[in-house]
Amino acid sequence: MSEYLTKITECLAEIEREEGESLAKAIRLVADTVKNGGLIFTFGCGHSHLPGLDAFYRAGGLANVSPILDTDLMLHNGAAKSSRMEKMGGIAAEILRRYTPSKKDMIFIFSASGKNLVPIEMAEAAREVGLRSVGVSSLAYAEKGGRLHGCVDIAIDCKVPYGDACMPVGEATMGGLSTYAACFILNTCLIEGARLALSEGTLPPVYISGNVEGGREHNVTLETLYVGRVKHL
């Protein structure tokens with residue numbers, strides 16, 4: 001599958017090459033959130049919730065990452081239903097309210113197309129409560145109704161093609177790119193944000209593997225700091 005590998009690496013390289021300014025702003029925001037003791041929320045519908053799960057409660061991850069997980073918008077509780085619900089209005093503000101965000105927190109919002117109503121309204125709800133937002137979407141959809149990039153404080157183009165998939169299979173196309181791109185963007189921001197916070201005198205709260213010596217004890221200490229604040233911990 002060298003052709004698919006090439007497509008993936010080309011997408012990630014394009015992000016590195018062309019989104020440096022936006023990434024730097026998001027990294028600065030992550031660093032400030034870590035320094036202020038805030039939470040880093042993540043949100044996405046359908047497959048777009050996966051980057052948040054990838055960064056949550058794992059070895060090498062920040063302990064202050066808090067994914068916003070609403071089962072009606074996730075695939076395991078009815079994939080077709082979730083696809084329809086992410087286009088419905090009036091949902092996002094209620095979901096966000098249940099996570100009791102504060103002005104020292106921030107949020108990453110993922111939507112490959114940037115078209116669906118719930119992610120857009122999540123950005124609007126975040127702004128209303130003073131939550132700084134980073135939107136990750138593909139500007140390839142901008143002329144097709146994608147507008148998340150205009151609703152957030154910092155917009156990052158994930159560079160995936162219109163339709164997401166990139167590998168022709170007869171008349172169909174397979175091989176999505178958006179999960180790779182979004183995970184790369186999020187982890188880049190978290191890693192570099194943690195490094196920046198450390199360089200400015202704040203020790204970032206990083207989990208280590210529970211399967212290495214001292215890992216469990218280290219992680220329990222971090223869990224104690226965030227249990228009750230990170231909803232799904």
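No value in this document is a laboratory result; all are computed from the given coordinates. Bear in mind that the values here come from a model prediction, so they are computed numbers and not experimental data. Positions of Cβ are backbone-derived with ideal geometry, glycine not excepted, and every protein chain shown enters the neighbour counts.
Within region 74-140, considering only helices (runs of 4 or more DSSP H) that don't extend past its boundaries, which have at least 2 residues that are under 25 Å from residue 33 (Cα atoms)?
On the way: elements: 79-85, 92-97, 117-128.
Qualifying helices (runs of 4 or more DSSP H): 92-97, 117-128.
Check residue 85 against each of (1) under 27 Å from residue 64 (Cβ atoms); (2) more than 16 Å from the chain's Cα centre (by Cα) and name the one condition it does not meet.
In the conditions (1) under 27 Å from residue 64 (Cβ atoms); (2) more than 16 Å from the chain's Cα centre (by Cα), residue 85 misses (1) alone.
Could you tell me which of the residues 19, 86, 14 is touching a residue at least 24 places away in the same chain (Cβ under 8 Å), touching a strand residue (DSSP E or B) at 6+ places or on another chain (Cβ under 7 Å), within 17 Å of residue 112 (Cα to Cα) and surrounded by 14 or more Cβ atoms within 10 Å (Cβ to Cβ)?
The unique qualifying residue is 19.
Name the residue, out of 69, 62, 117, that is over 21 Å from residue 177 (Cα atoms) and in contact with a His (Cβ under 7 Å, 6 or more places away or on another chain). If you could, list the steps in order and put the result at the bottom.
Details: 62 fails: in contact with a His (Cβ under 7 Å, 6 or more places away or on another chain); 117 fails: in contact with a His (Cβ under 7 Å, 6 or more places away or on another chain).
The match here is 69.
I'd like the residue in region 31-50 that is out of contact with any strand residue (DSSP E or B) (no Cβ under 8 Å at 6 or more places or on another chain) and among the small types (Gly, Ala, Ser) and, out of all such residues, is nearest to residue 134 (Cα to Cα).
Within region 31-50, the match that is nearest to residue 134 (Cα to Cα) is 31.
Identify the single condition in (1) buried (at least 17 other Cβ atoms within 10 Å of the Cβ); (2) in contact (Cβ under 8 Å) with a residue 12 or more places away in the chain; (3) under 15 Å from the mean Cα position of the chain (by Cα) that residue 191 does not satisfy, given that it satisfies every other one.
(2)
I'd like to know if region 146-153 contains one or more residues that are touching a strand residue (DSSP E or B) at 6+ places or on another chain (Cβ under 7 Å), assigned to a helix (DSSP H, G or I) and β-branched (Val, Ile, Thr).
No, every residue in region 146-153 fails to be touching a strand residue (DSSP E or B) at 6+ places or on another chain (Cβ under 7 Å), assigned to a helix (DSSP H, G or I) and β-branched (Val, Ile, Thr).
Restricting to region 15-47, what's the tally of residues that are among the hydroxyl-bearing types (Ser, Thr, Tyr) and over 22 Å from residue 63 (Cα atoms)?
Count: 1.
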